[in-house]
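These notes are about the structure you will find just below.
None of the figures in this text is laboratory data; all of them are computed from the coordinates on show. Being a predicted model, the structure only gives us computed values, none of them experimental. Positions of Cβ are backbone-derived with ideal geometry, glycine not excepted, and every protein chain shown enters the neighbour counts.
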Number of protein chains: 2
Amino acid sequence: MRTELQPLLNQIQRYVSLTEGEIEKLLAICEVKTFRKRQFLDQPGFVSGYRNYILKGAFRSYFIDPEGKEHTVQIAIEDWFVSDFYSYITQTPATLFVEAQEDTTLVQMAYKDIEGLCKEIHALSEYFRITTERAFAFSRHRALSGISMSAEARYLEWAARYPEMDRRISQKVIASYLGMTPEFLSKIKKKISSEC
Amino acid sequence: MRTELQPLLNQIQRYVSLTEGEIEKLLAICEVKTFRKRQFLDQPGFVSGYRNYILKGAFRSYFIDPEGKEHTVQIAIEDWFVSDFYSYITQTPATLFVEAQEDTTLVQMAYKDIEGLCKEIHALSEYFRITTERAFAFSRHRALSGISMSAEARYLEWAARYPEMDRRISQKVIASYLGMTPEFLSKIKKKISSEC
DNA sequence: CTATTATCTTAAACTAGTTCAAGCGGTTTT
DNA sequence: AAAACCGCTTGAACTAGTTTAAGATAATAG
């Protein structure tokens, strides 16, 4: 077996158990790919064809609004799935850029292969049902707790929760992820460091 | 068969097909309940026990932030599912109020019954997998397209998309759903009506 | 039908965060 | 080693949306 795929199998088997035969079928649709820093995984105009599970590295997804401003939608490192999920689910052209922030290795599973296997393997369908329900619930929950927070509180909470990302990702990207200007984040960091 | 449950079956069979036996098992876990205007379906401190599918009426879910302000999270009418989804999924006490906006009839399916049936019936697991994936993708997509919009643009787009809700739901609730003060929404509506 | 309470409107003062602009180090390209 | 570029900082002017407050209108209970 390709041991490099073990992290993906571990992730899935945290939620469901697969038989030997099912594991084999799953591994058969997996492909490992590498991306260089600044390379795009998805980009506007192209349909997002894969679910991508990060083995090593970091990605971010972002879009550019009508006034030309960048908005970072997701920051993903090891053990996260990343893509323009709307494009993947609807199989229509992407609106997001999904860009490597470091040299990255990931596992790709094609849309049709996943859909086929979900129809065939009940446990896999359950894996995606359960994890997507959880991801949906958590994402809403997080969005809500952010709603009544100041920009400073949002940054402090996020940095405490994802110190690894705070270290590896540029301040400009973090600001656009947290919904503020880089200038304002700079001011916040100055204030924080002067306070303690 | 209980014909009042037909809308729910239609909704499910838009995505998957169920055998006669599967339909029977599903209907066996469904209960129809009615709520009076202003009655709570979920509230902070109590675990959300059901998936609720609205047959007739309207609900909204909201929370109260540390400064005492209400934020409406979801507005739901006929054919929508409604609950404190985070509480339902994690089976921990709710943080949201889910309150009837009109006298409402809905179908309730208990958490344990659903989880049991999803393990048993592959098609049902697929129904929830597919619809949750879509709901997740669409909710992110909508959140993004709202990000770079003014309060006025958000209201105009929302009202054009959900005219029915715009008619039935109070302006105060709509404002808190769209993330602005009722005063500001009032100004927007005045401006709109003076423009055309 | 009347009293009460909630919703909607309007306007003036206010603020969190943006925009613009300029300068500073570091790093990639030539 | 220069040139061009990128990310970070700093400050002053600005604005979309909030806050506060008070009056007008509508809904609901008794």
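Across the copies of the chain, A:Thr105 has label points (7 Å from Cα along Cα→Cβ) spaced 6.0 nm apart, shortest distance listed first.
Taking amide H atoms as placed 1.01 Å from N in the peptide plane, the amide H of A:Ala94 lies under 5 Å from those of A:Gly45, A:Phe46, A:Val47, A:Ser48, each 5 or more residues away in sequence or on another chain.
All Cα-Cα separations within the stretch A:1-135 were binned at 5 Å from zero, giving a P(r) of 2, 10, 19, 23, 20, 14, 8, 3, 1, 0, 0, each value a whole percent of the pairs.
Rank the residues A:Leu106, A:Leu185 as a footprinting-exposure proxy: fewest other Cβ atoms within 10 Å of their Cβ go first.
Working: A:Leu106 26, A:Leu185 19.
Placing the least packed residue first, the sequence is A:Leu185, A:Leu106.
Counting other Cβ atoms within 10 Å of each Cβ, which GluC sites (Glu not before Pro) in the stretch A:1-81 have at most 10 and sit in a DSSP loop?
On the way: sites: A:Glu4, A:Glu20, A:Glu22, A:Glu24, A:Glu31, A:Glu67, A:Glu70, A:Glu78; in loops: A:Glu67, A:Glu78.
Listed in order of number, the matching sites are A:Glu67.
Which value at 222 nm does the protein assembly as shown reach when only helices count, each DSSP H run of 4 or more adding -39,500 (n - 2.57), with the total divided by all residues and rounded to the nearest 500 deg cm²/dmol? Walk me through the intermediate numbers first.
Numbers: 18 runs with 196 residues, N = 392.
Here the helix-only value at 222 nm equals -15000 deg cm²/dmol.
For the stretch A:149-196, rounded, prolate or oblate, judged on the Cα gyration tensor with a ≥ b ≥ c (square roots of eigenvalues), a/c < 1.5 rounded, else prolate if a/b > b/c? Rounded, because the longest to shortest axis ratio a/c is under 1.5.
Does the protein assembly as shown come out rounded, prolate or oblate, given a ≥ b ≥ c as the square roots of the eigenvalues of its C-alpha gyration tensor, rounded meaning a/c under 1.5 and, failing that, prolate meaning a/b above b/c?
Working: a/c = 1.74, a/b = 1.03, b/c = 1.69.
Oblate, because a/c is 1.5 or more while a/b does not exceed b/c.
Between A:Trp158, A:Gly116, A:Val73, whose Cα lies farthest towards the positive end of the dipole of chain A when Lys and Arg beta carbons carry +1 and Asp and Glu beta carbons carry -1, centred on the Cα centre? The listed residue farthest towards the positive side: A:Trp158.
A:Lys37 label point (Cα plus 7 Å toward Cβ) to equivalent points in the other copies: 6.2 nm, shortest first.
About the Cα centre of the stretch A:149-196, how large is the charge dipole given +1 on each Lys and Arg Cβ and -1 on each Asp and Glu Cβ? Please answer in debye to the nearest 20. Before the final figure, lay out the partial values.
Details: 9 positive and 6 negative charges, 26 e Å.
The calculated dipole for the stretch A:149-196 is roughly 120 debye.
Just so you know, the Cα atoms of the stretch A:4-52 work out to an Rg and Dmax of 14.0, 39 Å. Put a plus charge on the Cβ of each Lys and Arg, a minus charge on the Cβ of each Asp and Glu, and nothing anywhere else: the dipole of the stretch B:1-45 about its Cα centre is then about 380 debye. Placing +1 on the Cβ of every Lys and Arg and -1 on the Cβ of every Asp and Glu, with no other charges, gives the stretch A:126-169 a dipole of roughly 60 debye about its Cα centre.
The simple spin-label model puts a point 7 Å past each Cα toward its Cβ; for A:Ser145 and B:Thr90 those points are separated by 0.7 nm. Across the stretch B:168-193, the residues whose backbone nitrogen lies under 20 Å from the label position 7 Å along the beta-carbon direction of B:Leu156 are B:174-193. Taking other C-beta atoms within 10 angstrom as a stand-in for reagent exposure, B:Glu133, B:Glu115 fall in the order B:Glu115, B:Glu133, fewest first. Placing a label point 7 Å from Cα along the Cα-to-Cβ axis, A:Ile64 is separated from the same position in the other copies by 4.7 nm, shortest listed first.
Note the per residue figure in Å³ for the convex hull of the C-alpha positions in the stretch A:61-141.
On the way: hull volume 10.1 nm³, N = 81.
For the stretch A:61-141, the hull spanned by Cα atoms encloses 125 Å³ per residue.
Can you give the angle from 0 to 90° between the axis of helix B:111-120 and the longest principal axis of chain B, with both taken from C-alpha atoms, to the nearest 10? Between helix and principal axis, roughly 50 degrees. Gap in Å between the Cα centre of the stretch A:66-136 and the Cα centre of the stretch B:13-57? Answer, in whole Å: 29.
Computed from label points 7 Å out along Cα-Cβ, the spacing between A:Glu67 and B:Gln6 is 5.1 nm. Considering only B:Gly116, B:Gly45, B:Gly21, give the residue with the highest GNM mean-square fluctuation for chain B, with springs between Cα atoms whenever their separation is below 10 Å. Between B:Gly116, B:Gly45, B:Gly21, it is B:Gly21 that shows the largest mean-square fluctuation. The relative contact order of chain B, computed from alpha carbon pairs under 8 Å that lie at least 6 residues apart in sequence, is 23 percent. Amide H to amide H, with H built 1.01 Å from N, A:Asp42 comes under 5 Å of A:Val98, counting only residues 5 or more places away or on other chains.
Projected label points at A:Arg38 and A:Glu102, each 7 Å from Cα along the beta carbon direction, are separated by 1.8 nanometres. Taking Cβ atoms as reference points and 10 Å as the exclusive limit, the residues near B:Val16 contribute a net charge of +1, counting Lys and Arg as +1 and Asp and Glu as -1. For the stretch A:136-144, 3J(HN,Hα) computed residue by residue from phi via the Karplus equation (6.51, -1.76, 1.60; θ = phi - 60°) reads 4, 4, 5, 5, 5, 4, 5, 4, 5 Hz, glycine and proline entered as x. Pairwise Cα distances in the stretch A:100-170 exceed 16 Å for 70 percent of all pairs.
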